[in-house]
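Chemist: Sharing a structure below in structure tokens format, with a few things to ask.
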Amino acid sequence: MRGKTLPVGVLISGRGSNLQALIDACATPGFPARIAVVISNKPDAYGLTRAEKAGIPTAVVNHKAYADRASFDEAVDAALRKAGAELVCLAGFMRILSEKFVEGWRDRLINIHPSLLPAFKGLDTHQRAIDAGVRITGCTVHFVRPAMDDGPIIVQAAVPVLQNDDAETLAARILDAEHVIYPLALRLVADGTVTVKGEKTVFSDEKPADGRLINPLPD
Ligand code: GRF
């Protein structure tokens with residue numbers, strides 16, 4: 001267990017409901033992380049308003065202002081380091097990050113994805129799950145690797161696909177689960193309980209982790 005709160009940078013592109021779940025978690029007494037900066041690639045992202053309301057510094061790094069991915073990623077990296085971030089959470093950040101950026105934050109960069117990875121990587125996950133006829137889908141928080149939606153898994157929640165679900169109703173139920181597992185994953189990484197060994201996550205504490213990392217209950 002670390003003795004201090006870990007400074008975290010959160011990257012967003014839009015509505016920021018996962019960001020809000022992280023803001024709320026960081027506000028609870030004893031939480032081992034604090035949000036040092038929220039960075040958006042879109043100037044009108046509602047998540048920026050959420051951060052401002054919580055008194056968190058924000059930055060806009062507009063991808064349209066950069067000639068290529070490398071220079072955009074360098075600007076994001078510089079903003080994170082300027083804010084003193086030691087861990088980065090992707091929360092609905094809709095840009096693919098270069099290998100250089102991802103490797104620069106290796107094992108200090110986590111993402112939430114609305115499926116049970118490695119199923120349904122990429123976009124449009126809810127409709128694709130419905131079209132595939134799966135009975136169970138869900139969401140995953142994982143460490144980021146250069147390949148899209150790839151990397152050691154930290155926490156997952158399973159969500160049933162109901163008979164009358166459309167992409168919107170399914171997305172809403174998965175989102176509720178996202179708001180539970182992202183704060184949990186951040187806590188486990190920030191307090192040092194979860195680390196990466198051999199491209200899988202391991203748990204340092206003495207309690208059996210398994211039951212706590214699948215469909216965890218809200219704190
Ligand atoms: C979430 O479904 C997340 O899993 C995905 O993008 C969405 C972002 O939503 N990566 P929000 O901006 O956190 O509300």
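The values are calculated or read from the model by the stated rules, or taken from the named source; none is laboratory data. Worth saying up front: this structure is predicted, and the values here are computed from it rather than measured. For neighbour counting, all protein chains shown are included, and Cβ atoms are generated from backbone atoms with ideal geometry for every residue, glycine included. Accessible surface is based on the protein model in full, side chains and every heavy atom, while ligands, DNA and RNA are left aside. Shrake-Rupley method; radii C 1.70, N 1.55, O 1.52, S 1.80 Å.
Chemist: If I filter region 2-20 down to residues being of a type in the set (Gly, Ala, Ser) and modelled with pLDDT of 95 or more, which single residue comes out as farthest from the ligand (Cβ to nearest atom)? Steps first, answer last, please.
Modeler: Quick first cut of region 2-20, residues of a type in the set (Gly, Ala, Ser) only: 3, 9, 13-14, 16-17.
Now restrict to residues that are modelled with pLDDT of 95 or more: 9, 13-14, 16-17.
Numbers: Gly9: 15, Ser13: 7, Gly14: 5, Gly16: 5, Ser17: 3 Å.
Here the residue is Gly9.
Chemist: Report the residue count in region 21-45 for those that are surrounded by fewer than 16 Cβ atoms within 10 Å (Cβ to Cβ) and within 16 Å of the ligand (Cβ to nearest atom).
Modeler: Number of matching residues: 3.
Chemist: In region 194-201, is there at least one residue being modelled with pLDDT under 95 and in a loop (DSSP other than H, G, I, E, B)?
Modeler: Among the residues of region 194-201, at least one is modelled with pLDDT under 95 and in a loop (DSSP other than H, G, I, E, B), which makes the answer yes.
Chemist: Quick check on my filter: what residues within region 142-182 are in contact with a Leu (Cβ under 8 Å, 6 or more places away or on another chain) and part of a strand (DSSP E or B)?
Modeler: Within region 142-182, His142, Phe143, Ile153, Ile154, Val155, Gln156, Ala158, Val159 qualify.
Chemist: Can you find a residue in region 30-42 that is without any contact (Cβ under 8 Å) to a residue 24 or more places away in the chain, closer than 16 Å to Leu186 by Cα and not acidic (Asp, Glu)?
Modeler: Just the residues of region 30-42 that are without any contact (Cβ under 8 Å) to a residue 24 or more places away in the chain, to begin with: 30.
Retained after the next criterion (residues that are closer than 16 Å to Leu186 by Cα): 30.
Now drop any that are not not acidic (Asp, Glu), which leaves 30.
Within region 30-42 (the criterion being without any contact (Cβ under 8 Å) to a residue 24 or more places away in the chain, closer than 16 Å to Leu186 by Cα and not acidic (Asp, Glu)), the answer is yes, since at least one residue qualifies.
Chemist: Give Arg106, Arg50 a once-over and let me know the one that is open to solvent by 20 Å² or more (accessible area, probe 1.4 Å), within 12 Å of the ligand (Cβ to nearest atom) and not aliphatic (A, V, I, L, M). Give the derivation first.
Modeler: Values: Arg106 fails: within 12 Å of the ligand (Cβ to nearest atom).
The match here is Arg50.
Chemist: Residues of region 159-201 being crowded, with 21+ Cβ neighbours inside 10 Å and hydroxyl-bearing (Ser, Thr, Tyr), which ones?
Modeler: Tyr182, Thr201
Chemist: Related question: Condition test on Ile56, is it among the β-branched types (Val, Ile, Thr) and in the same structural domain as His179 (by TED's automatic domain parsing)? Quick ask: steps written out before the conclusion?
Modeler: Values: among the β-branched types (Val, Ile, Thr): yes; in the same structural domain as His179 (by TED's automatic domain parsing): no.
So Ile56 fails the test.
Chemist: Then there is this: What are the pairs with Cβ atoms under 6 angstrom where one residue, in region 168-191, is not assigned by TED's automatic domain parsing to the domain that holds Ala33 and the other, located anywhere, is near the ligand (Cβ under 10 Å from one of its atoms) and part of a loop (DSSP other than H, G, I, E, B)? Sequence gap at least six, or different chains.
Modeler: So the pair list comes out as Ile174/Pro114.
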